[in-house]
Amino acid sequence: MNVDFSSLARTSGEWLRGAGPEADIVMSSRIRLARNLADYPFISRANAGDRTEIERILRDRILSIEEVGALTYVDVNKLALLDRQLLAERQLISRELSDAEGSRGVVLADNEQASLMVNEEDHLRIQVIQSGLNLQSAWEMINQIDDLVEARVTYAFNENLGYLTACPTNVGTGMRVSVMLHLPALVITRQIDKLFRSLQKISLAVRGLYGEGTQAMGDFYQISNQITLGRSEADLVKQVGDVIPTIIDYERKAREFLVRESHENLHDRVSRAYGILRTAQTISSEETMHLLSSVRMGVNLGMINDLEIPTVNKLFIYTQPAHLQKLTGGELDTADRNIERARYLRHLLNKDEHGERGVSQN
């Protein structure tokens, strides 16, 4: 089955629905497993023939799985740049897979909760992503998928070390457990750096919206484990899961402080952000993310009327370059994208079926 990328750009993945536990602060929970086939060299040493054979084996074996619902294979090597970028913005593939060359692909579940990347840094990267704080549910789903794949192929595995991976930091379970949090109040109150230092002391990494090497656009931060060797999967889920409620509590207290001690300034920040998004004639992706962060916090604090969190969540993704170009029907240069982005925001935010949107005076 082929993917209609124009239609994909107009729909929302499960993780954007703004539901699940603690969804006001936790955007999504994600677990990723790195796996390699036993009889083939790692990708960095594989030749074109190896990569083609690895792709064929994994594609055919994964698509034979019936227990997890409808699956679609996308040949990433045959996609246009814009379509690859759209999948990366949607977090269905990594930017590394998008930018790579040669045989590579991704298997997508129809609800976008699961994606299986073929020939990224490892032969196979399995990912499950769910809305809100749902690490245990994500683990149960990815464990089932991993078992179903492992029943059909032979993974590279060592009795002492565990699963063998291209990067030494993934050897062992091959697992990365991450939670994406929206932490605008900790940024405003300048407590975010202190939090990062505390997390580093307990071997947790902090990354931006699109993972390693990316900036924390829109005050979104991914918290994940750094060490896999010598730890069980349950230990890693618990390590990340145990610290997230504390971070949520810090963010909630920071929001309460801003409402109590700096209500006028907070209301002004939210109102200005919402006003710019509703009236701008041209606006960059970066500024949009920054302003949407304030708006999202304002919605959750009851400062904005008639705007739902799923709509705001979608806008973080839909206003990214590839999604925006798909929505408007063609490739655009930066200046034209900024104009179209502003037009799209004005259209979506100024009216709905209930009439005018607005900011509460409370």
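Computed from the coordinates by the stated procedures, all read-outs in this text should not be read as laboratory data. Fair warning: this is a prediction, and the values are worked out from it, not measured in the lab. FYI the Cβ positions are ideal-geometry reconstructions off the backbone, even for glycines, and counts take in every protein chain you see.
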Checklist entry - What is the Å³ per residue value for the convex hull set by the Cα atoms of the range 1-90? => result 161
Checklist outcome for this item: If unit charges are put on Cβ atoms (+1 for Lys and Arg, -1 for Asp and Glu) and the dipole of the range 5-255 is taken about its Cα centre, the option from N225, T154, G49 lying farthest towards the positive end turns out to be N225
Checklist entry - Using a basic spin-label model with each label point 7 Å from the Cα along Cα→Cβ, how many nm lie between S203 and R346? => result 5.4
Next on the checklist: For I65, I31, which order do you get if you count the other beta carbons within 10 Å of each Cβ and list the fewest first?
Outcome noted: I65, I31
Next on the checklist: What FRET efficiency comes out for T169 versus E308 if R0 is 41 angstrom and r is the Cβ-Cβ distance? Round to the nearest 0.05.
Outcome noted: 0.55
Checklist outcome for this item: A chain fully extended from N2 to D193 at 0.36 nm per residue, minus the present Cα-Cα distance, gains in nm 64.3 nm
Checklist entry - With a ≥ b ≥ c the root eigenvalues of the C-alpha gyration tensor of the chain, is it rounded (a/c under 1.5), prolate (a/b larger than b/c) or oblate? => result oblate
Checklist entry - Can you tell me the Rg and Dmax of the range 131-269, counting just the alpha carbons, in angstroms? => result 18.1, 61
Checklist entry - For a paramagnetic label modelled at 7 Å from the Cα of A80 toward its Cβ, which residues of the range 2-44 fall within the zone defined by backbone nitrogen distances under 20 Å? => result 2-11
Item to check | Likely footprinting exposure, K238, K314, fewest C-beta neighbours within 10 Å first | outcome: K238, K314
Checklist entry - For E159 and E53, what is the calculated FRET efficiency with R₀ set at 22 Å and r taken between the beta-carbons, to the nearest 0.05? => result 0.25
Next on the checklist: Checking the a/c ratio against 1.5 first, then a/b against b/c, what shape does the Cα gyration tensor give for the range 222-276?
Outcome noted: prolate
Checklist entry - How far is it, in nm, from the label point at T72 to the one at Q144 when both lie 7 Å from their Cα along the line to the Cβ? => result 2.1
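Once you have the Cα-Cα distance between D333 and N111, take 0.36 nm times their residue separation minus that, and quote the gain in nm to one decimal. Show your work: numbers first, answer last.
Working: separation 222, 0.36 × 222 = 79.92 nm, distance 3.14 nm.
Extra length available between D333 and N111 comes to 76.8 nm.
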